[in-house]
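Notes to accompany the following structure.
The values are calculated or read from the model by the stated rules, or taken from the named source; none is laboratory data. Quick caveat: nothing in here was measured; it's all calculated off a predicted structure. These area figures cover heavy atoms from the full protein model, side chains too; ligands, DNA and RNA do not enter into them. Shrake-Rupley method; radii C 1.70, N 1.55, O 1.52, S 1.80 Å.
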Amino acid sequence: ATALFGVSAHAQETGTPPVGVAEIREAIKTQLPPPPLGFDWHLYKNTVFLQALNWIEAEHVSSVGGVPMAVYAASAQAFSVSQPFEMGITVQTISGARKARNMDAKDMAVLYLKPYVDAHTKENVLLLERSENADTERTVFRYRDTPVGSRPVIVHKFVMASNDADTVHVFTFQSPETTWGENWKAFGKPFLGKLVVLPNVPAN
């Protein structure tokens, strides 16, 4: 993606027409390294990440506090909004909080996370860390969840919020507690360890 940004910057400096979103996404595919065995690169909105081959995919639109949220999910097992998966990934993009609610993206990230934090006791919160680099605020939240009628799962959320981009990205991996270690190593780490948010591509 770095080389692509260089091309974009060069186009701006020389006055050549800006590259369209579709063209940028196609160019990204040519610049990515070969994926690890059993994985492929996936592009969703302005994010790039590794996903296991042959997983079932679904997309839908939701909202947080009246602000639109695009949702992408994938799992090895069939799932739906009413029947969620036990193990899989989710990518959520919340755009336009400033326009919709006059709210900074970093405040929107807090609004998104608060129900999850409030719903879990201290014993079930496994990790909660926040850091900031330039305009981007990053929060990692891992917790143990006990859905009614289902076995316990571990949920790991990585949240990135940028006021300048007016966008919040939420990357989630979850797995049954009994197989968390092996699933985290096999699927969670590749997904979260190689993801990239592309600032030159619109998030919506």
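General observations
- Whole-percent pair-distance distribution, where bins are 10 Å wide, for the alpha carbons of the range 16-107: 14, 34, 34, 18, 1
- Sorting SER95, SER82, SER150 on solvent-accessible area from highest to lowest, probe radius 1.4 Å, gives SER82, SER150, SER95.
- Karplus-based coupling profile of the range 121-127, in residue order and whole Hz: 6, 4, 5, 8, 8, 8, 7, with θ = phi - 60° in 6.51 cos²θ - 1.76 cosθ + 1.60 and x standing for Gly or Pro.
- Computed over the chain, Kirkwood Rh from alpha-carbon pairs, angstrom: 18.1 Å
- Accessible-area rank, largest first, for MET108, MET103: MET103, MET108, with all protein chains present and a 1.4 angstrom probe.
- Working from Cα pairs under 8 Å separated by at least six residues, relative contact order for the chain is 21 percent.
- Entries in LYS45/LYS122; LYS45/LYS106; LYS45/LYS114; LYS99/LYS122 that, when Cα-Cα distance is taken, lie over 31 Å: LYS45/LYS122; LYS99/LYS122
- P(r) histogram, all alpha-carbon pairs of the range 88-151 included - 5 Å bins from 0, percent: 4, 12, 20, 23, 20, 11, 7, 3, 0
- Put VAL168, VAL117 in order of accessible area, highest first, and with a 1.4 Å probe you get VAL117, VAL168.
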